[in-house]
Amino acid sequence: MKAIYIIGFFCILGICSAQTSSLERNALWKEFLEIDSLVGQNEFDKGLLRAYNFEKKVRSKYPDLHSNILIVKAHSYMKMGLKDSTNTYLDKAEVLINDHGLDTLKAYLYRQRGQSYVYKYDYKSSIPIYFEGLNFAKKHGNVGEEMMLLYEISIAYKDLQNKDSARFYIDKSLSIAKKEKSNKYIANCNTVIGSIERNKGNYLKAMEHYFEAYGFAKMVYGDTDETRIKYI
């Protein structure tokens, strides 16, 4: 009977420990999203300060969260124009991802690697990296990353003046965005299509897509002057 009580005690202890770990992970994931949002709003000083503190909490304990925050740090430095720091943190993230078999994060990693080439205006080098990320996104059913990578591939082709390829991949991205009801990417994709049509001299079609982009963009960003300027 005593043995049964002991076993029961350790079972309860294990359940409590698992629940505590789950609560901690949820709280950390929420914190990560807040940091990512700061970076997305170009508040790099605040974002990086919180990223460094966050990294201390997750290092060794949560390799997936650690990898994610390293990529966010790389993205921050990329947008600040600091190429060496960008590559340093992307390399660190890749080592961690490979060491722990976190293949589900490779699509995100390769999207950022591709963007690092775009920031150097090396669009041609970015494309095979994006495609590598796209393969991982499809393999692991990561629809969000697939949509974003298709979008980035289209942008790269557009900047290389390859209108047909740009249109092919932006249509694929838009199709996913509509299925996922991602107003942000529906707006972004329509803006790209508008630009492609404008460059072909199809100004009426271009206007239709710009206004459609604006309609979805104001659902995300509000009906502001900044939204009008960016999307019309």
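The values are calculated or read from the model by the stated rules, or taken from the named source; none is laboratory data. All figures in this text were calculated on a predicted structure; none of them were measured in a lab. In this analysis, Cβ positions are derived from the backbone assuming ideal geometry, glycine residues included, and neighbour counts consider all displayed protein chains. Only protein heavy atoms, including side chains, enter the accessible area calculation; ligands, DNA and RNA are left aside. Shrake-Rupley method; radii C 1.70, N 1.55, O 1.52, S 1.80 Å.
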**OP:** Project the alpha carbons of the range 78-204 onto their principal axes and report the range along each, largest first, in whole Å.
**Re:** 51, 31, 22
**OP:** Calculate the spin-label point distance for ASP91 paired with THR224, positioning each point 7 Å from the Cα along the beta-carbon direction, and give it in nanometres.
**Re:** 3.8
Original post:
For the chain, what is the accessible area per residue in Å² when the probe is 1.4 Å?
Top reply: 57
Subject >> Degrees, to the nearest 10: 123-139 long Cα axis against longest axis of the chain >> reply: 50
Subject >> Among TYR52, ILE127, LEU38 - extreme Cα towards positive end, dipole of the chain, charges at beta-carbon >> reply: ILE127
Original post:
For Rg and Dmax of the Cα atoms in Å, the choices are (i) 21.3, 85; (ii) 24.1, 86; (iii) 18.4, 61; which was calculated from the structure?
Top reply: (i)
**OP:** Under 1.5 on a/c is rounded, so check that first for the range 37-147, then, if it is not, pick prolate when a/b is larger than b/c and oblate when it is not; a ≥ b ≥ c are the square roots of the alpha carbon gyration tensor eigenvalues.
**Re:** oblate
**OP:** Would you mind working out the magnitude of the charge dipole of the range 74-114 relative to its Cα centre, with +1 at each Lys and Arg C-beta and -1 at each Asp and Glu C-beta, to the nearest 20 Debye?
**Re:** 220
Subject >> Built amide H within the under 5 Å cut-off of MET80, gap 5+ >> reply: none
Original post:
Taking the highest mean first, how do the peptides 152-164, 188-200, 54-66, 22-34 order by number of other beta carbon atoms within 10 angstrom per residue?
Top reply: 188-200, 152-164, 54-66, 22-34
**OP:** Could you sort out which of LYS46/LYS163; LYS56/LYS124; LYS178/LYS200; LYS179/LYS230; LYS83/LYS179 sit more than 27 Å apart by Cα distance in this structure?
**Re:** LYS46/LYS163; LYS56/LYS124; LYS83/LYS179
Original post:
Expressed as a rounded percentage, what relative contact order does the chain have, with Cα pairs under 8 Å and six or more residues apart?
Top reply: 9
Original post:
Helix 183-199 sits at what angle to the longest principal axis of the chain, using alpha carbons and giving 0 to 90 degrees rounded to 10?
Top reply: 30
Original post:
How large is the dipole of the chain about the Cα centre if only Lys and Arg carry +1 and Asp and Glu carry -1, each at its Cβ, rounded to the nearest 20 debye?
Top reply: 160
**OP:** Given the peptides 101-113, 78-90, 123-135, 220-232, arrange them by the average over their residues of other C-beta atoms within 10 Å, most packed first.
**Re:** 101-113, 123-135, 78-90, 220-232
**OP:** Divide by every residue of the chain the summed helix terms, -39500 (n - 2.57) for each DSSP H run of at least 4, and state the resulting mean residue ellipticity at 222 nm, rounded to the nearest 500 deg cm²/dmol.
**Re:** -28500 deg cm²/dmol
Original post:
So between LYS179 and LYS57, what do we pick up on full extension, going 0.36 nm a residue minus the alpha carbon distance?
Top reply: 40.3 nm
Original post:
Spin-label point model (7 Å from Cα, Cβ direction): what's the ASP164 to LEU204 distance in nm?
Top reply: 2.6
Original post:
Counting only protein heavy atoms and using a 1.4 Å probe, what share of the accessible area of the chain belongs to carbon plus sulfur, as a whole percent?
Top reply: 55
